[in-house]
Structures are given as structure tokens and as C-alpha cells.
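The values are calculated or read from the model by the stated rules, or taken from the named source; none is laboratory data. Just so it is clear, the structure is predicted and the values come from calculations on it, not from any experiment. Every residue, glycine as well, gets a Cβ built from its backbone with ideal geometry; the counts of neighbours run over all protein chains shown.
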Amino acid sequence: MRKILITAILILVCVNTFAQNMMQSQYGSSASGLSSDRYDRNGNPIDTTAVVDASTVPIGLSSWTIDERFGTRTAIPVDTLQFGFQNTNDNGGPTGHYTYLGNLGSPRISHVFFERAETTQEFFTDPYDFALVTPGKVKYTNTKSPFTNLTYYKHGAGRRAEERFKAYFAVNANKRLGFGFDIDYIYGRGKYMNQSTAQFNGNLFAYYHGDKYEMHFNFINDNIRVTENGGIADDRYVTAPIEMADGGRVYKSYEIQTNLEDIWNKNTGYHAFLTHRYNLGFYKDESTENDTIAKEVFVPVTSFIHTVKVDMNTRQYISYNDEQNRKYFENHYLGTDSTDVTKYMSVKNTVGISLREGFNKWAKAGLTAFLSFEHRRFSMTDSIEGTPGQYMRDYKENVLSVGGQLTKAQGKTLHYDVLGEVAILGEDIGQFNIEGRGDLNFRLFNDTVRLDVNAYIKNLNPAFYYRHFHSKHYWWDNDLSMITRTKIEGRLSIDRWRTQLQAGVENITNYTYLDNVSVGYTDANDANIKTYKNNVTVRQNPGSIQVFSAKLRQDFKFGILHLDNEIVYQKSSNNSVLPLPDLVLYHNLYIRAGLAKKVLTVELGADVRYFTQYYAPDYAPAIGQFYLQNPETKYKLGGYPLVNGYINLHLKRTRFFLMMYNLVQGTGERSYFFAPHYPLNPRGLKIGISWNFFD
């Protein structure tokens, strides 16, 4: 870890120095900013009307993400966040919405149903969204001076420490062309036995913004290696440690016996993405603010769009302890020494033509028509041990779909985006998606109120690995029906009152999920004792399931004292198939003050994460997915307040925090378990530091 950290810092320093010299040569020292969102060297907003000192390096800085279908840009804040830095490396999410296995970088699933993403064709990496980046999440930056961010986190010390190092670099070659890279390295050694995680993820990006030609490109590489321990052998090591000590010393976390050892899940992914467009339009003169100088501005009328996305993933399940496997898993299809490998590849092209919004007074909305073609290929084992015939098989799927989009993004009062798509040929024929979102802004009591609405109706073909999957311990080939999902949700935001109220309802027909199907084995000496081994399959609920959810965020401020609150209420109409906690809570009490003439910002406080008891999903180590608990042995988890105390400091370009994690360790009926047999990390010290460099 130290070698990687030192090497990365040296590389960034060298690249940054070179880029700074190049930028000064390209722009000169008196150039103005590229964007109205300008920041000084400390990351603070500056007056854009002020005269720039010719002796300084200009800091024009803006960031955005793009839509994966059309490459449309969405502005995002520059990474100069002062508030909440202590929660930016929490595997459970900044407000504690996720069930996870305790270790940093471990798989996770949200307690809040409306935050659960749909299962993708990259099935095995879906639970690792904590660290993985998709093309739509890549952050592009336009900067007058090279921008670098280095961030380091650590939890604990010694052989059981968790560490994470992140590096981000962006530079412009000129006003229109920029590029950079992002590195994210996670090494969670694990507070418990056989639990380590290692992730090395990175991406390269580039963009060009011309009047007539625009382009965004990124290349992402994922490397995920997770040791699977099947959970601890007996929950009482955590819930009743004195009882398990049997008069001796209490076991430390890394001394507790686990169900599995010498088992790994490894995922390697490569993702290339390019979206570009050619604009037809005209130039017109536009006066500046002082109305004395006319500037020629290009007005796009029509855009021709092309997007290509290539995804490849190799998932490998590695196990060496056959005796332990046979005790834990119910089925063993491929033998002891076999290789359990699954591969996925997809190439998707989208072409479209867009009539741009606002090119004249009659163009009140933008209209886009598009066509997409996707080729998918899956490779996996096709015969069980001892069966003659083909050992590996390729499954090929092709999908042709058409669609359209209507958008209004200009103006201050009303905005909307409506998109429809239908598959007309191929494996997903009949699949369709109609979704829309909009916002209305109006004045109320001398404040601006924002009403956001989003809705969709979808008819979806279940992901390939729900339909077919062959491996060492799980094997299925299913003829599944289309999944129909209908949802409507609204959100009311009043900034002056620090209030946000959100509510929605969703109906799902043919809900598709992973279930525990172990039959149980009767003990030879006692017919009343049954042993249940691990076995997973796919099921569909033939009827409809409704989920209602409401969320209130209400923050209070009394001088330097702050209290931030989030309350989520949700209800599932079928808790046997889709169990959810009724309440998910987050509360943060802290003081915030500026010291040393407000150069130093200090936050000191404690927060708590809590969800009510429910039958939390179990975890299947052979595929790295969450599934329903066995109905014969299931038990409720939750009702545990996860409390963290922290101090968060921000000084010019540097952010730093100290946190004591899991302060009330050991309380509650089930103590600090979020997933069955997977306790959270015990009490420990976390630290984090982040530097921003603007030159």
C-alpha cells in the first residue's frame, strides 16, 4: 500500500508540473475563467466580476457528468466539499442506507427499495457500486490550471487495517480539449478471518467541446478480489462473547472461526465508451454584459449523435478447500479441481438525430429520435462433472431497439425530460421503457419552492444470469416472464426551511429474485435436528407487489449548533418475497464554526444510523449476491444504533477527519449484524485526509 501511494504521488507531481507549464504556455497568465462557476486556489467561490491579477495562475474550474445514451452534460459541484467529509468512505452509504458485510469494499444492497438499482447484465459486479465507476458517473473537469485531488482513508492499524487511496487529475490542452484520469485503490484486510478485499479501479477520460463537434471518451478498468468466509461460525461470538469464552478470555474479532476459507471471487472488467455529435447551426452576435462588445456565438439547430459502449467482464470463483465446501454448499456440479469461470461481453451502438431546444422562439423543447443495436455474448460451463459433451458454451444475444426523447432544459420555471424506447427485434423483443421526470419552480413566502416528479412504466426481460447460470454450486436454466414495473414519485424542496419531502409508490409484476432452496438434512442421531446447506435459485412472484415509500429530510440550525435528520418510511405488500425495514433513520448532531479568522472550519459531533428489524437478505458467497433467508432458519436483524463520533476540519485546500466508529458496540438483541452471520467491524478509529491542488 505504501509503495503504491508513494508511486502515485510522484507520478501526479510530475504530471502536474508538466501540465502547469503547458497551461501557462497555452493560455498565458492573464486569461479569464472558462465558466461562471469559478473557484480560488482554496476551492472557495470568487467574484467573477473582479479583475484577475496578471501575476497569478487563473483557476477557472467546472465539472460535469454525461448521459450514457446521448452524451448530454449535467453540471456537478467541484470536489471542494467542506461538510460531511467523514462519511465519504462509508461502505454503508453517507446516511447508512446499505446492508453490507462489514469490510471496506464488500458487496452491499440498500435497505431503501427505491435506491436499489435494476439488475444489469454485469450481474456479478452490481453489488460493488460503492467503488465502481460507470461511464455516466465519470467526472469531467474543465480547468485553467491543472487540478489534482489526493485522498487517503484508514481504519485501524496493523495487519487488520482498512486503507483506501484515491487520486484524480484533470488538465486542459486548450479551451476546448481536456483529459485526465482517476485511480481508486481499496485494500480491506478484514477485521475478521478470511474476509479481505482488494480493489484497484481506474479510468482515463478525454473530451472536446467545439461549436460543431463535441466528444466524450472514457476507458475504465475494474479489478475486484474478495475473500469469502461464509460468515462467522456462531453469532454468539459477537452477541454473547462472555458465554462463548467459557470462562476464558473473550475472542478478538480476527480469532473468531468462520464457515469458509481459501475461497475467492475475482472480477476483472474493461469498459470503453465514446459519445460524440456533430452540430448544424448558425452564428449570431451576442452582446456582453456591458453592451459595448459583440461576441459571435454558435447556435446549434440539429445534432447527429453516435454513442458506442463496450463492456467486458470475467468472473472467476476460486476454491481449494473441498472438505469445507461440501459441508457448506448443497450441490457440487463441477468437481474438486474444476475452474468456475464466467465471461461477458457487450457492444452497443446508438445513433440519433436531435432537434435542439431554443434555436428560435418557437423551439420550446428539444426532440431526439434514436436507434440502438446491442450484441451480447456470455461464456460459461455447459456440462456437469462426468457428463460427455461440450464443456464451455457461448450464449449470444442481439437486440435492436428504437426510441425518442422530448426535453425542456432552458428557463427557470419548468423543465422536463420524457423518453421512450422499445425493443423491436432480438432476445428482448417486446421490452419497453417509458420514463419521464420534471421540475416546477415557484415562489412561496419569499422563497423558491421546487417540485420534482418522476415516473416510469417498464416491461423488462430479466437479465441473462437470471435466465441461465451454470457453476460449481448453483445451476439453473429458466423460462422467465417479462417484469413489469410502474412507479410514480414526487419531491417537494424548500431550501429556506431546510426541508425536503419525498413520496412514491411502485407496482411490480413478476418480481424476480434469488431464493434459498436448501431442503435440509436430518441428523442421524436426532430426527428433530436439521442441517441446512447453502443452495440458491431464481424465482418469480407471479402476482403484483406494491412498495410505498416516503422520506423526510429536515435540518435545523441554532447558531453553530446543527441537527440534520432523515426519516424513511416504506412498506412492502409482500414481506415474504420482498422484506423491507419499515423505518430507516439518520440523525447528525454537530457544531460547526470558523476559527482563525474563518480560515479553518471545524465540525464536531456524532451521527447515528438505524433501521427497524426485518428479515434482512442473506449473502451467497459463491456468486457474491444477496438472496432471501431460508424460511426454516430465518431471523430478524436491525434495531441497532450505529453511532460514530467525529471531528471534521477544513483548512484552505486540505480536509481532514478523525472518527471513532461503532461507539455503542455490543448493544441490541442482534448486536451489530446487518447481514446474517456477517457482523460489522468492531469499534475502531478512522482517519481521512484530502488535498486539492489547483496549480
Exercise. So, of the residues in the stretch 663-683 that are under 25 Å from the mean Cα position of the chain (by Cα) and closer than 25 Å to Glu603 by Cα, which turns out to be surrounded by the most Cβ atoms within 10 Å (Cβ to Cβ)?
Worked result: Asn681
Exercise. Within the bounds of the stretch 385-405, is there any residue that is crowded, with 16+ Cβ neighbours inside 10 Å and modelled with pLDDT under 95?
Worked result: no
Seminar exercise, completed: Arg539 passes all but one of the listed conditions (1) of a type outside the set (Val, Ile, Thr); (2) within 30 Å of Asn259 (Cα to Cα); (3) within 24 Å of the chain's Cα centre (by Cα); the exception is number (3)
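Okay, residues lined up against (1) touching a residue at least 12 places away in the same chain (Cβ under 8 Å); (2) more than 29 Å from Ile567 (Cα to Cα); (3) within 29 Å of the chain's Cα centre (by Cα):
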site: Tyr465; (1), (2), (3): yes, yes, yes
site: His470; (1), (2), (3): yes, yes, yes
site: Met482; (1), (2), (3): yes, yes, yes
site: Arg485; (1), (2), (3): yes, no, yes
site: Arg491; (1), (2), (3): yes, no, yes
site: Arg498; (1), (2), (3): yes, no, yes
site: Val505; (1), (2), (3): yes, no, yes
site: Tyr511; (1), (2), (3): yes, no, yes
site: Lys530; (1), (2), (3): yes, yes, no
For this session: Output the residue which, of all residues in the stretch 141-164 that are within 14 Å of Ile689 (Cβ to Cβ) and of a type in the set (Lys, Arg), is surrounded by the most Cβ atoms within 10 Å (Cβ to Cβ).
Result: Arg164
Exercise. Across the stretch 477-526, which residue is farthest from Tyr615 (Cα to Cα) among those that are aromatic (Phe, Trp, Tyr) and loosely packed, with under 15 Cβ neighbours inside 10 Å?
Worked result: Trp497
Exercise. Hey, His473 hits all of (1) closer than 30 Å to Asp555 by Cβ; (2) in a loop (DSSP other than H, G, I, E, B) but one; which does it fall short on?
Worked result: (1)
Exercise. What number of residues within the stretch 235-261 satisfy the criterion of being among the acidic types (Asp, Glu), in contact (Cβ under 8 Å) with a residue 60 or more places away in the chain and surrounded by fewer than 17 Cβ atoms within 10 Å (Cβ to Cβ)?
Worked result: 2
For this session: Take Asn692 and decide whether it is in a strand (DSSP E or B) and touching a Ser or Thr at 6+ places or on another chain (Cβ under 9 Å).
Result: yes
Problem set entry | the stretch 568-592: number of residues that are in a strand (DSSP E or B) and touching a Ser or Thr at 6+ places or on another chain (Cβ under 6 Å) | 3
Problem set entry | Flag if Asp129 is over 12 Å from the mean Cα position of the chain (by Cα) and either modelled with pLDDT of 95 or more or surrounded by fewer than 21 Cβ atoms within 10 Å (Cβ to Cβ) (or both) | no
Seminar exercise, completed: If we keep only residues of the stretch 171-193 that are touching a residue at least 60 places away in the same chain (Cβ under 8 Å) and among the small types (Gly, Ala, Ser), then the residue surrounded by the fewest Cβ atoms within 10 Å (Cβ to Cβ) is Ala173
For this session: Out of Val536, Val577, Val599, report the one residue that is surrounded by fewer than 18 Cβ atoms within 10 Å (Cβ to Cβ), more than 20 Å from Val643 (Cα to Cα) and touching an Asp or Glu at 6+ places or on another chain (Cβ under 9 Å).
Result: Val577
Exercise. Among Tyr610, Tyr569, which is without any contact (Cβ under 8 Å) to a residue 40 or more places away in the chain and either surrounded by fewer than 17 Cβ atoms within 10 Å (Cβ to Cβ) or among the aromatic types (Phe, Trp, Tyr) (or both)?
Worked result: Tyr569
Exercise. From the set of residues in the stretch 303-357 that are out of contact with any Asp or Glu (no Cβ under 9 Å at 6 or more places or on another chain), touching a residue at least 60 places away in the same chain (Cβ under 8 Å) and hydrophobic (A, V, I, L, M, F, W, C), which is surrounded by the most Cβ atoms within 10 Å (Cβ to Cβ)?
Worked result: Phe329
Exercise. In the stretch 580-596, which residue that is at pLDDT 95 or above and surrounded by fewer than 17 Cβ atoms within 10 Å (Cβ to Cβ) is farthest from Asn648 (Cα to Cα)?
Worked result: Asp582
For this session: Give me the pairs, please: first residue somewhere in the stretch 64-79 and farther than 10 Å from Thr307 by Cα, second residue anywhere and of a type in the set (Gly, Ala, Ser) and part of a strand (DSSP E or B), beta-carbon distance under 8 Å, and either six or more positions apart or on two chains.
Result: Trp64/Ala75; Ala75/Ser62; Ala75/Ser63; Ile76/Ser63; Pro77/Ser63; Val78/Ser62; Val78/Ser63; Asp79/Ser63
For this session: Can you tell me which residue within the stretch 406-421, out of those that are hydrophobic (A, V, I, L, M, F, W, C) and surrounded by 16 or more Cβ atoms within 10 Å (Cβ to Cβ), is farthest from Ala369 (Cα to Cα)?
Result: Val418
For this session: Sort through Asn541, Asn588, Asn516, Asn575 and tell me the only one that's under 25 Å from Ala675 (Cβ atoms) and touching a residue at least 60 places away in the same chain (Cβ under 8 Å).
Result: Asn516
Exercise. Scanning the stretch 263-282 for residues that are of a type in the set (Phe, Trp, Tyr) and modelled with pLDDT of 95 or more, which turns out farthest from Val301 (Cα to Cα)?
Worked result: Tyr270
Seminar exercise, completed: All conditions in (1) surrounded by fewer than 16 Cβ atoms within 10 Å (Cβ to Cβ); (2) in a loop (DSSP other than H, G, I, E, B); (3) aliphatic (A, V, I, L, M) are true of Met660 except (2)
For this session: Determine whether the stretch 76-94 contains at least one residue that is among the small types (Gly, Ala, Ser) and surrounded by 20 or more Cβ atoms within 10 Å (Cβ to Cβ).
Result: yes
Exercise. Looking at Asp262, is it more than 25 Å from Asp182 (Cα to Cα), more than 29 Å from the chain's Cα centre (by Cα) and among the charged types (D, E, K, R)?
Worked result: no
Problem set entry | Residue check for Asp285: assigned to a strand (DSSP E or B), at pLDDT 80 or above, surrounded by fewer than 12 Cβ atoms within 10 Å (Cβ to Cβ) and among the charged types (D, E, K, R) | yes
Exercise. Restricting attention to the stretch 288-315, which residues are at pLDDT 95 or above and over 27 Å from Ala206 (Cβ atoms)?
Worked result: Arg315
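So that you can scan it fast, the table gives a plain yes or no per residue for (1) among the acidic types (Asp, Glu); (2) part of a strand (DSSP E or B); (3) touching a Phe, Trp or Tyr at 6+ places or on another chain (Cβ under 9 Å); (4) at pLDDT 85 or above:
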{"site": "Glu323", "(1), (2), (3), (4)": "yes, no, no, no"}
{"site": "Val341", "(1), (2), (3), (4)": "no, yes, yes, yes"}
{"site": "Ser354", "(1), (2), (3), (4)": "no, yes, yes, yes"}
{"site": "Glu357", "(1), (2), (3), (4)": "yes, no, no, yes"}
{"site": "Ala363", "(1), (2), (3), (4)": "no, no, no, no"}
